[in-house]
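A short worksheet on the structure shown next.
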Amino acid sequence: MNTVIVPVGGGGLIAGIATALKSFNPSIHIIGVQSENVHGMAESFYKRDLTEHRVDSTIADGCDVKFLVNKHMK
C-alpha cells in the first residue's frame, strides 16, 4: 500500500490514521479529501490558519465540521 485516501472533517481521523500508518511505513502517502461544499480543513490548510467555515448540507456528515481543532493542523 503506497497511498491512503481519507475523508477529513475536523482532522482527528486523518491524524490518527496517518500516525498509525506512518509508524509501519514512513514513506506512505496520506491524502485528505473533503466535499466541495464542506471544505473548512482544506481552506485552513491553504491559509495556514484555522478558519471558521459555514457548514452546508452533505451526505458525508463526518466532514460536516464548523470549527477545527488547532492540534490537527500540525
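Summary of values
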read-out	value
For V33, residues with placed amide H under 5 Å, excluding near neighbours	V6, V8
Estimated distance in nm for a label pair at N2 and H29, the labels positioned 7 Å out from Cα along Cα-to-Cβ	0.7 nm
Modelled FRET efficiency - R0 35 Å, D49 with I17, Cβ distances, 0.05 increments	0.90
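Laboratory data are not the source of any read-out in this text; all were calculated from the coordinates shown. Just so you know, these numbers come straight off a predicted model, no measurement behind them. Cβ atoms come from the backbone with ideal geometry, glycine included; neighbour counts cover every protein chain shown.
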